[in-house]
Amino acid sequence: MVELKTPGEIDAMREAGRIVAQALHAVTQHATPGTRLTELDDIATTVIHEAGATSAFLHYQPPFAPTPYPAVICTSVNDAVVHGIPSHHRLRDGDLLSVDFGVSFDGWAADSAVSLTVGHPNPADTALIDTTRAALQAGIAAAAPGNRLGDIGHAIAATATAAGYGLLDDFGGHGIGRRMHEDPHVANTGRPGRGLILRPGLTLAIEPMFIAGGDGRYRTATDGWTLHSIDGSRAAHAEHTIAITDDGPRILTLP
């Protein structure tokens with residue numbers, strides 16, 4: 001069931017979104033060569049505790065996962081597309097890192113993701129990250145009242161196709177509010193003018209995931225969580241939680 005939020009409830013989600021943005025900023029500032037992924041998880045944990053929030057990821061177990069998630073952030077490196085579990089792996093110069101993070105605060109959830117290069121960037125990785133961010137912005141721009149859910153997916157897919165990137169099969173964005181995952185599913189592909197009508201009060205997490213090799217297939221790691229590109233090419237992930245309002249889309253996970 002799709003639940004529309006009141007303006008006051010959207011404001012409450014915005015407060016959760018500020019915490020998400022603060023944590024992602026702190027984590028990315030410390031994502032330097034030699035840093036362990038578990039150290040980044042510790043930084044995000046500190047932000048959660050100091051803000052009086054709770055993790056939306058820790059102990060979460062969706063139907064596809066064999067075990068509850070064991071950390072507060074996802075850290076996906078190079079060919080890992082999403083759901084990478086923080087380990088003692090030390091980041092290396094030139095790694096492509098995607099960080100996904102969500103919290104619940106005063107009963108409301110927010111979720112966001114960013115991708116970045118650790119140390120010196122590779123031009124191909126920079127183009128991949130920039131295009132994934134552009135697709136996120138295109139998807140947000142399409143989330144105008146009166147448009148359809150398919151308009152969001154079409155905008156994202158068109159950006160991927162134009163750049164020759166692959167789209168992760170089966171995974172996309174989602175409704176969000178009282179829980180991190182609510183209806184509707186927000187696919188990263190779609191037909192314009194088709195699907196659910198976007199009404200003020202609808203809150204969504206929009207999240208394109210692009211794979212550089214142009215192949216959208218993936219394999220699941222032995223941890224049961226991490227999804228890797230099937231061809232070993234690098235991937236990027238970008239996400240914001242937004243609300244559809246009478247004035248257009250409002251991004252709730254900005255600083």
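Details
- Leading residue by the ranking (farthest from Leu96 (Cα to Cα)) among those in the stretch 128-153 that are more than 18 Å from the chain's Cα centre (by Cα) and open to solvent by 40 Å² or more (accessible area, probe 1.4 Å): Gly146
- Subset of the stretch 23-51 [surrounded by fewer than 19 Cβ atoms within 10 Å (Cβ to Cβ) and either farther than 26 Å from Asp93 by Cβ or of a type in the set (Ser, Thr, Tyr) (or both)]: Thr28, Thr32, Thr35, Thr38, Thr45, Thr46, His49, Glu50, Ala51
- The C-beta contact set for the stretch 134-161 (first residue in contact (Cβ under 8 Å) with a residue 60 or more places away in the chain and within 15 Å of His174 (Cα to Cα), second residue part of a helix (DSSP H, G or I) and among the aliphatic types (A, V, I, L, M), distance under 8 angstrom, 6+ apart or interchain) comprises Leu136/Ile156; Gly139/Ile152; Gly139/Ala155; Gly139/Ile156; Ala143/Ile152.
Okay, residues lined up against (1) over 25 Å from Asp183 (Cβ atoms); (2) touching a residue at least 60 places away in the same chain (Cβ under 8 Å); (3) not aliphatic (A, V, I, L, M):
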site: Met13; (1), (2), (3): no, yes, no
site: His25; (1), (2), (3): yes, yes, yes
site: Gln29; (1), (2), (3): yes, no, yes
site: Leu40; (1), (2), (3): yes, no, no
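- Given (1) at pLDDT 95 or above; (2) assigned to a loop (DSSP other than H, G, I, E, B); (3) not aromatic (Phe, Trp, Tyr), index of the condition Leu204 fails: (2)
This table checks each residue for (1) small (Gly, Ala, Ser); (2) surrounded by fewer than 19 Cβ atoms within 10 Å (Cβ to Cβ).
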site: Val186; (1), (2): no, no
site: Arg194; (1), (2): no, yes
site: Ile206; (1), (2): no, no
site: Ala221; (1), (2): yes, yes
site: Trp225; (1), (2): no, no
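- All positions within the stretch 196-255 that are over 24 Å from Ala141 (Cα atoms), in contact (Cβ under 8 Å) with a residue 60 or more places away in the chain and among the acidic types (Asp, Glu): Asp223
- Residue in the stretch 197-207 that is charged (D, E, K, R) and at positive phi present: no
- Residue list for the stretch 103-127, filter: more than 18 Å from the chain's Cα centre (by Cα) and charged (D, E, K, R): Asp106
- Checked against the criterion of being assigned to a loop (DSSP other than H, G, I, E, B) and out of contact with any strand residue (DSSP E or B) (no Cβ under 8 Å at 6 or more places or on another chain), the candidates Asp215, Asp223 yield just one match: Asp223.
- In the stretch 52-105, the residues that are open to solvent by 10 Å² or more (accessible area, probe 1.4 Å), among the polar types (S, T, N, Q) and touching a Gly at 6+ places or on another chain (Cβ under 8 Å): Ser55, Thr67
- Residues that are out of contact with any helix residue (DSSP H, G or I) (no Cβ under 6 Å at 6 or more places or on another chain), surrounded by fewer than 22 Cβ atoms within 10 Å (Cβ to Cβ) and either without any contact (Cβ under 8 Å) to a residue 60 or more places away in the chain or not in a loop (DSSP other than H, G, I, E, B) (or both), drawn from the stretch 162-171: Ala162, Gly164, Asp169, Asp170
- The stretch 139-180, subset under 25 Å from Arg219 (Cα atoms) and of a type in the set (D, E, K, R), residue modelled with the lowest pLDDT: Asp169
The values are calculated or read from the model by the stated rules, or taken from the named source; none is laboratory data. Owing to the predicted nature of the structure, the values given are computational and were not obtained by experimental measurement. Using ideal geometry, Cβ is built from the backbone for each residue, glycine included, and neighbour counts are taken over all protein chains shown. These accessible areas exclude ligands, DNA and RNA; they are computed on the full protein's heavy atoms, side chains included. Shrake-Rupley method; radii C 1.70, N 1.55, O 1.52, S 1.80 Å.
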